[in-house]
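Report on one structure; see the data block that follows.
The values are calculated or read from the model by the stated rules, or taken from the named source; none is laboratory data. Quantities reported herein were computed from a predicted structural model and do not represent experimental measurements. No Cβ is skipped: glycine too gets one built from the backbone with ideal geometry, and neighbour counts run over all protein chains shown. Each accessible area value is taken on the protein alone, full model and side chains, heavy atoms only, with ligands, DNA and RNA left out. Shrake-Rupley method; radii C 1.70, N 1.55, O 1.52, S 1.80 Å.
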Amino acid sequence: MFGKRGNEGSGRGGGIAAPPAPPSPSPMPAARSAAPEVFAEPGREAGASRQPVAPPPLAPAPPRKRQQRTDQYYDTKGQVFSALIDTIDLSQLAKLDGESAREEIRDIVNDIITIKNFAMSISEQEELLEDICNDVLGYGPLEPLLARDDIADIMVNGAGQTFIEVGGKTIESEIRFRDNSQLLSICQRIVSQVGRRVDESSPICDARLPDGSRVNVIAPPLALDGPALTIRKFKKDKLTLDQLVKFGAITTEGATLLQIIGRVRCNVVISGGTGSGKTTLLNCLTRYIDLDERVITCEDTAELQLQQPHVVRLETRPPNIEGEGEITMRDLVKNCLRMRPERIIVGEVRGPEVFDLLQAMNTGHDGSMGTIHSNTPRECLSRMESMIAMGGFTLPAKTVREIITGSIDIIIQAARLRDGSRRITQITEVIGMEGDVIVTQDLMRYEIEGEDANGRLIGRHVSTGIAKPHFWDRARYFNEERRLAAALDAMEIGKS
């Protein structure tokens, strides 16, 4: 089945570059699990709403490190790989499923090692087999990290340095690339799967893996020490509000409040810093959208995981090599207004598109949602004003604030604390204007009370004593006022 190939792209030399892409898309290995931006470490039990939540011990240490690769290892790998390329027909290999292709490669590599009589132990031979399979069919040295479900982020800073985030903490991994050429080749393979490219003329690129994990690449000459690759992984099993309660990110009463907010079509903005869990929380809230609603999502890189049957997913497009053909987030938001949406969800609001989203929220698309980078609900409102100004709108400041207050109902603040845990720190309601000032009120907030002997923060969610939130009438319309009253009563009891 596999005929002899020519020498093109064989990668001969002292080491081995990542192999060239086959004529047709290479089959991917078995589906990888992925980890989202989780709020807290698994295994944490939430305390009662009136008790401090004691954090668990640090996450267990990662699996043992592999030995550092030597020049001799790369030389042997290069020779084996060159012989493999001369033996195998990649166009035929691409027709096999991932497992069959791996078995075929392993059989041929075993034969090559036997014929060339390389002095290798069984463990070294297995490691070499796995590396070559990953290079041909997957993402090379990244494969072991992508297979781990406990990793939230992978950060590659050039060929010689890779960091991972485990349990909210960033640690250095043993994973290394042969050189920057191999790393760039793997980056090109990743982005080409979604029709994008990364090279000197287009050195910045956002993409995604087949499992939905988010990818950012910045290549030389902008990255001085070699390509920088960042992967935000997502769990295969999507988190729910019940799990966030178990992890201590929110109380049971707070989770009930969030369920009602999502159910009664409040317009929601989720605010937080990088890695604070905004997208995870947005995914949790979308579970409470009615199944018969038409939902349209707009994202720079598609990562939302909605479960409803009537969902239209839109994604921006960068300009081509001539600088043309760009489709911005604002283009998507404006266009989706013509698609009869019932809810509009913007993965991340970064610029002038915030004005179009606010207009949509204020003109019949209740229940729309989005995320924004900011550290507090008040700062979130200020950032919206700044983004509108960035779009060239010359509206008076008071008019802009009136648009914001007429559009946004709830701001949910997520935070990654200094011990690495994630918490929902505020649920804030936007209730109107007093003069030129936007008036807000907190329904719930997280108060830090100290830290334990291991440096882990101890705190609790407390009620602010609001008996009737501003969206009470909306809850009554959806027959949710009794459940809302019960949650607020429980929160107030927990406060005392």
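So that you can scan it fast, the table gives a plain yes or no per residue for (1) open to solvent by less than 60 Å² (accessible area, probe 1.4 Å); (2) closer than 25 Å to Arg330 by Cβ; (3) hydrophobic (A, V, I, L, M, F, W, C):
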residue: Ser386; (1), (2), (3): no, yes, no
residue: Thr405; (1), (2), (3): yes, yes, no
residue: Ile410; (1), (2), (3): yes, yes, yes
residue: Ile424; (1), (2), (3): yes, no, yes
residue: Ile427; (1), (2), (3): yes, no, yes
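Taking Val156 as the residue in question, decide whether it is touching a residue at least 24 places away in the same chain (Cβ under 8 Å) and either of a type in the set (A, V, I, L, M, F, W, C) or at negative phi (or both). Against the criterion (touching a residue at least 24 places away in the same chain (Cβ under 8 Å) and either of a type in the set (A, V, I, L, M, F, W, C) or at negative phi (or both)), Val156 qualifies. Looking across the range 427-461 at every residue that is out of contact with any Gly (no Cβ under 7 Å at 6 or more places or on another chain) and among the aliphatic types (A, V, I, L, M), the one that is farthest from Lys278 (Cα to Cα) is identified as Ala453.
Each residue in the range 181-196 was checked for being over 20 Å from the mean Cα position of the chain (by Cα) and surrounded by fewer than 18 Cβ atoms within 10 Å (Cβ to Cβ), and 1 of them qualify.
Specify which of the listed residues (Arg383, Arg330) is farther than 23 Å from Thr428 by Cβ and touching a helix residue (DSSP H, G or I) at 6+ places or on another chain (Cβ under 9 Å). Answer to the check: Arg330.
Filter the range 229-238 down to the residues that are open to solvent by 10 Å² or more (accessible area, probe 1.4 Å) and assigned to a loop (DSSP other than H, G, I, E, B), then identify the one that is modelled with the highest pLDDT. Among residues in the range 229-238 that are open to solvent by 10 Å² or more (accessible area, probe 1.4 Å) and assigned to a loop (DSSP other than H, G, I, E, B), the one modelled with the highest pLDDT is Lys238.
For the range 441-461, a residue qualifies if it is over 21 Å from Gly262 (Cα atoms), without any contact (Cβ under 8 Å) to a residue 40 or more places away in the chain and either open to solvent by less than 40 Å² (accessible area, probe 1.4 Å) or small (Gly, Ala, Ser) (or both), and the qualifying residues are Gly450, Ala453, Gly455. Taking the residues in the range 365-376 that are in a loop (DSSP other than H, G, I, E, B) and either of a type in the set (Gly, Ala, Ser) or over 11 Å from Val333 (Cβ atoms) (or both) as candidates, determine which candidate is most open to solvent (accessible area, probe 1.4 Å). Step by step, filter the range 365-376, then rank; the result is Asn375.
Scanning the range 291-335 for residues that are among the basic types (Lys, Arg) and either under 24 Å from Ile231 (Cα atoms) or within 20 Å of the chain's Cα centre (by Cα) (or both) yields a count of 2. Those helices (runs of 4 or more DSSP H) of the range 251-364 in which at least 2 residues are under 30 Å from Ala490 (Cα atoms), out of contact with any strand residue (DSSP E or B) (no Cβ under 7 Å at 6 or more places or on another chain) and not hydroxyl-bearing (Ser, Thr, Tyr), considering only elements entirely within it, cover 252-263, 278-286. Assess whether Glu492 counts as being open to solvent by 30 Å² or more (accessible area, probe 1.4 Å) and charged (D, E, K, R). Considered against the rule, which asks whether it is open to solvent by 30 Å² or more (accessible area, probe 1.4 Å) and charged (D, E, K, R), Glu492 comes out as yes.
Here Gly432 does not fit the description of being out of contact with any Ser or Thr (no Cβ under 8 Å at 6 or more places or on another chain), without any contact (Cβ under 8 Å) to a residue 60 or more places away in the chain and either open to solvent by 30 Å² or more (accessible area, probe 1.4 Å) or in a strand (DSSP E or B) (or both). Could you figure out which of (1) open to solvent by 50 Å² or more (accessible area, probe 1.4 Å); (2) of a type in the set (A, V, I, L, M); (3) closer than 18 Å to Asp409 by Cβ isn't true of Ile327? Condition not satisfied by Ile327: (3).
Is it true that Asp225 is without any contact (Cβ under 8 Å) to a residue 60 or more places away in the chain, open to solvent by 30 Å² or more (accessible area, probe 1.4 Å) and of a type outside the set (Ser, Thr, Tyr)? It is false that Asp225 is without any contact (Cβ under 8 Å) to a residue 60 or more places away in the chain, open to solvent by 30 Å² or more (accessible area, probe 1.4 Å) and of a type outside the set (Ser, Thr, Tyr). Among the candidates Ile260, Ile270, the residue that is open to solvent by less than 10 Å² (accessible area, probe 1.4 Å) and over 18 Å from Arg423 (Cβ atoms) is uniquely Ile260.
Listed conditions (1) surrounded by 15 or more Cβ atoms within 10 Å (Cβ to Cβ); (2) within 15 Å of Ile427 (Cβ to Cβ); (3) of a type outside the set (A, V, I, L, M, F, W, C); (4) more than 30 Å from the chain's Cα centre (by Cα) are all met by Glu480, apart from (2).
Here the condition is being under 30 Å from Gly195 (Cβ atoms) and among the β-branched types (Val, Ile, Thr); of Thr363, Thr328, Thr399, Thr405, it holds for Thr328 alone. Of the candidates Thr399, Thr394, the single residue that is part of a helix (DSSP H, G or I) and surrounded by fewer than 15 Cβ atoms within 10 Å (Cβ to Cβ) is Thr399.
If you check Ile250 against the conditions, is it of a type in the set (Val, Ile, Thr), in contact with a helix residue (DSSP H, G or I) (Cβ under 8 Å, 6 or more places away or on another chain) and surrounded by fewer than 24 Cβ atoms within 10 Å (Cβ to Cβ)? Against the criterion (of a type in the set (Val, Ile, Thr), in contact with a helix residue (DSSP H, G or I) (Cβ under 8 Å, 6 or more places away or on another chain) and surrounded by fewer than 24 Cβ atoms within 10 Å (Cβ to Cβ)), Ile250 does not qualify. Could you please let me know if Ile438 is without any contact (Cβ under 8 Å) to a residue 40 or more places away in the chain, more than 13 Å from Thr376 (Cα to Cα) and part of a strand (DSSP E or B)? No.
Just one of the numbered conditions (1) at pLDDT 80 or above; (2) at negative phi is not true of Ser121: (1).
Residue count for the range 133-169 under the criterion of being modelled with pLDDT under 85 and either assigned to a strand (DSSP E or B) or of a type in the set (S, T, N, Q) (or both): the result is 1.
For the range 83-108, give me each residue that is small (Gly, Ala, Ser) and modelled with pLDDT of 75 or more. Hits for the range 83-108 are Ala83, Ser100, Ala101.
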